[in-house]
Structure formats: structure tokens, C-alpha cells
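Remarks on the structure that follows.
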Amino acid sequence: MELDATSLIDVDRLDAEVTAMYRHVARGEDAGLHFEVGRPLAQRLGYPGPLLDAIPAAALASFAGVGHHLALAALRPGEAVLDLGSGSGTDAFCAATLVGVSGRVIGIDMTDEQVAKASSLRDGFPQVEIVEGRIEALPFDDASFDAVISNGVINLSPAKDRVFAEAARVLRPGGDLVILNLSYRDDLGEDRRDLAALARGAFEIRRYGTREFRHWDGAAFHLVRRAT
Ligand SMILES: C[S@@+](CC[C@H](N)C(=O)[O-])C[C@H]1O[C@@H](n2cnc3c(N)ncnc32)[C@H](O)[C@@H]1O
């Protein structure tokens, strides 16, 4: 899949379908979804039980991530974190628990019902803010975050070049980009590769290790944060 696929697909239709799908997730209407959601998924992916106990259960019920990237993120108390595609808020609230009240976590999502749900659950999390918007055009200042995290979202964007450019812009120098995405290996046949690209926006897994993901318009960022 190209980094900019906006000329290859119907972007409005993609947006409408993604938004409709994640409205179902926010409402807890998971019967027709092609993916698993909720606490059992988070536990299976490796989220520690005590961390999940610390966040709102209603957010966790709509968790739809693809892995436990916070294990790599090693967030520290006081850090400023941006969660791209924050959904109903599981990762934002988990990050808030890790950075504490001296830190700051902003979640951004384009699906109105996800934003409304996560925002309604912020009691006890004064360090969390949820905003409605697109990850391709972030409404934040340059160099304003220590870490940018994202879990199962960038693969949904038709303009990944803009997402990475924006992530590099809002990260402080040396800040960390910690992402999990659906991906595929290069041993897929052409027919399945097309399906992966068109249906999910997946990249070949090896592309994440290439230079293009580490440097954007002269702004360098670490693709994966140090583990401690
Ligand atoms: C897999 S879910 C995110 C899961 C989330 N990390 C959690 O803790 O449950 C994907 C989210 O990304 C949002 N999204 C997809 N494409 C987006 C885009 N281009 N800009 C902003 N949000 C987007 C969807 O609305 C959806 O809520």
C-alpha cells in the first residue's frame, strides 16, 4: 500500500465505513464486528490486570487494539502523551495511569461516539483530554509531546505519509513514536496482498524498519521507545 493512497480509493466512503464501525464499538454493538473487543482481548494481548483494573470498565468494554504497545512505551511519570485514534479510551486511560496526574494524555479520534464515550469517563483522570479530529491533521503545537502512541489505527488511514509527518512534528526532538498496526509479511500472494492493502490498509511488516519511518522532513523520531 502506498503511503498516500488518497488517489487510489474513495476516501469519503472509507471514512464513512470506519466511523460507522467504531460507532458500533462505542455502543457495545460487537455482534457484527470482524474483530474481538473488550477486556478478554486486552488480557490476551498482555495488558496487566492491575493496569486494566485502574481504568474505567466502560472504556475497556470497547477496547479494540491489536497489541500491548505500552509495554514498549515505558512511559514515565510527568510525561506528555498523544494517543492517535484513542477510541473509547482504554489506551489513553492506561497511559494516564502510567504518567500520573503530573503528566498529560491527549486522545484524538474522528468518531464522534468514541470521543463522547471516552470524554464521559474522565472522572478521576484530570490529566486526560479527548478531542475530536483526524490524525492526518493534528491540532497541536510542534514538539509538544514526549511520546506518541497508537494502537491499530494508522493502518486505517489512507494518508499515512501525513500521519507520520504530523507525529514527527508534534513530538519533541528525540521523542518516541510507539505504534502497533495490522501488517502483513511479504510471503503473501498478490491476491491476498491486495486484500490486505485495500481492506485494512496494512503495510508489509518490513517497511516499519526502513529509514522512511525514522526520518520525516528532517524531523527524526524513534519508532520504538526504549524498553526498561
Ligand atoms: C482500533 S480502534 C483504537 C483502539 C484504541 N486504541 C483503544 O484503546 O481501544 C481505531 C480508532 O481509530 C479511529 N480512527 C480511524 N481512522 C482515524 C483517523 N484517520 N483519524 C482519527 N481517528 C481515526 C476510529 O474512529 C477508532 O476509534
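The values are calculated or read from the model by the stated rules, or taken from the named source; none is laboratory data. Source: prediction; values computed, not measured. Using ideal geometry, Cβ is built from the backbone for each residue, glycine included, and neighbour counts are taken over all protein chains shown.
Structural remarks
- Residue under evaluation G174, criteria (1) modelled with pLDDT under 85; (2) over 18 Å from L75 (Cβ atoms), criterion not met: (2)
- Residue satisfying condition, being of a type in the set (A, V, I, L, M, F, W, C) and in contact with a Pro (Cβ under 8 Å, 6 or more places away or on another chain), within set F63, F93: F93
- For first residues located in the range 141-167 and under 15 Å from G65 (Cα atoms), partners that are in a loop (DSSP other than H, G, I, E, B) and at pLDDT 95 or above and lie 6+ apart or on another chain with Cβ distances below 6 Å form the pairs S150/G85; V153/G85.
- Taking every residue in the range 6-22 that is closer than 17 Å to M110 by Cα and modelled with pLDDT of 75 or more and pairing it with any residue that is more than 8 Å from the ligand (Cβ to nearest atom) and part of a helix (DSSP H, G or I), at least 6 positions away or on another chain, the pairs with Cβ-Cβ distances below 8 Å are T19/D112; Y22/E113.
- Within the option set V101, V163, being modelled with pLDDT of 95 or more and farther than 16 Å from V37 by Cβ holds for one residue only, V101.
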